[in-house]
1. Step by step: first the residues of the stretch 200-241, then only those that are modelled with pLDDT under 95 and among the small types (Gly, Ala, Ser), then the one that is farthest from ARG337 (Cα to Cα). Which residue is that?
2. Kindly indicate which of LEU192, LEU134, LEU152 is assigned by TED's automatic domain parsing to the domain that holds VAL264, touching a Ser or Thr at 6+ places or on another chain (Cβ under 8 Å) and closer than 26 Å to ASP301 by Cβ.
3. Quick check on my filter: what residues within the stretch 175-199 are touching a Cys at 6+ places or on another chain (Cβ under 6 Å) and under 21 Å from THR70 (Cα atoms)?
4. Taking the condition acidic (Asp, Glu), touching a residue at least 12 places away in the same chain (Cβ under 8 Å), loosely packed, with under 15 Cβ neighbours inside 10 Å and not assigned by TED's automatic domain parsing to the domain that holds LEU194, does GLU309 pass?
5. Residues that are hydroxyl-bearing (Ser, Thr, Tyr) and under 30 Å from LEU97 (Cα atoms): does the stretch 235-248 have at least one?
6. Give me the residue from the stretch 40-77 that is out of contact with any helix residue (DSSP H, G or I) (no Cβ under 7 Å at 6 or more places or on another chain) and closer than 24 Å to LYS172 by Cβ and, out of that set, surrounded by the most Cβ atoms within 10 Å (Cβ to Cβ).
7. Does LYS228 count as basic (Lys, Arg), more than 23 Å from ILE146 (Cβ to Cβ) and outside the structural domain of ALA21 (by TED's automatic domain parsing)?
8. Looking at the stretch 4-20, can you tell me whether even one residue there is of a type in the set (Asp, Glu) and buried (at least 21 other Cβ atoms within 10 Å of the Cβ)?
Amino acid sequence: MVGIGIIGIGKMGGFHAEWIAKTEGLRLVAVCDKNAQRVEEFRKKYGAEGYTDVDAFLGAKGMDWVAIITTNDVHELLTVKVLQKKKNVIVEKPMSLTYESTLRMIATAEQYGRRILVHHSSRWDRDFLLVQELIRAGTLGEILMIQSKVMLCDAGWPAWGIEGMANPWRIKAQYGGGILLDWGPHLVDQFLVLMGKDPIGVYGILQSGVWSSEVDDYFFADLRFEGKTICQIEVGNNARISAPRWYIIGSRGTLEVKGKSDPVWDEAEIRYIRTDGKREIQRIQMTGVCESGLEGGFYTDLVPYLNGEKKPYATMYEAAKTVKLLDLVRLSSKEGRFVEYR
């Protein structure tokens, strides 16, 4: 039985607690949050120990891993503190605010002989699994272009959290807000998985259009890899007509995963040439799809991963590369030029 504790039991922390509690082989040992009422609710609901002090929480017995589900600005601080107590870490995406920060986290993990896994939950999203399956099967032929987009206009985006608009941390710089650090880790990580190699560089654009002057609410990234595949990411919260979630052109076919007003992408269309030369149109309806990032597969596969049976996880080294690319998108936008990945 793998014992897990959680620091930060806001809205996302609530999902983590639920996933851990229902997964065979995992046990929610303890929770920690500054909100004493919330701690008491979780203590009663899950039978876990409850703390409002991190140092006291880290003394809980039977806790092998600690999940850090806080605002982005304290990921490094809390990760280092947990590692120094010789516990492994699961940290929400992004791993941290900057690449330099992730390197310090990795150095601490290596110093204490512990691991960091990053909750890049979109590796389990149904639309992404479909994309991987079609590319792997060669259905679309040689891949010429991949466009990955999340173009929404969600009034709840800045208020996502238990405090709502009383503390809209997603549009505040002090918490590491902004859409680049919100959706960027998901989509950049997916591209690194699909391409299976480091990029040559990136050209990026950030924009603060509607929601905040402190942080971005739109970004575009053109990722360059060796080969002919064009790789583009576009994310914004100002689009009142949604764009396709995925638009992939291959030498033998095209895939479109339909855009929606909410991040629940369950419709796809494929037009391709079969091996017998006939033209085929397939329309796929994926049933029971959860909101992006909330499928819960991370914890379902955690014990098999720890036993060496599965390898879908974002290690600390992979997650650091994702943050490095986010840094380069920011730098490219600031300087208005293509930036090499070194």
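The values are calculated or read from the model by the stated rules, or taken from the named source; none is laboratory data. Keep in mind the model is a prediction, meaning the values are calculated, not measured. Note that we place each Cβ from the backbone using ideal geometry, even for glycine, and neighbour counts take in every protein chain shown.
1. Only one residue tops the list, namely SER212.
2. Answer to the selection: LEU192.
3. none
4. Criteria not met by GLU309.
5. yes
6. Of everything passing the filter in the stretch 40-77, HIS75 is surrounded by the most Cβ atoms within 10 Å (Cβ to Cβ).
7. It is false that LYS228 is basic (Lys, Arg), more than 23 Å from ILE146 (Cβ to Cβ) and outside the structural domain of ALA21 (by TED's automatic domain parsing).
8. No, the stretch 4-20 has no match at all.
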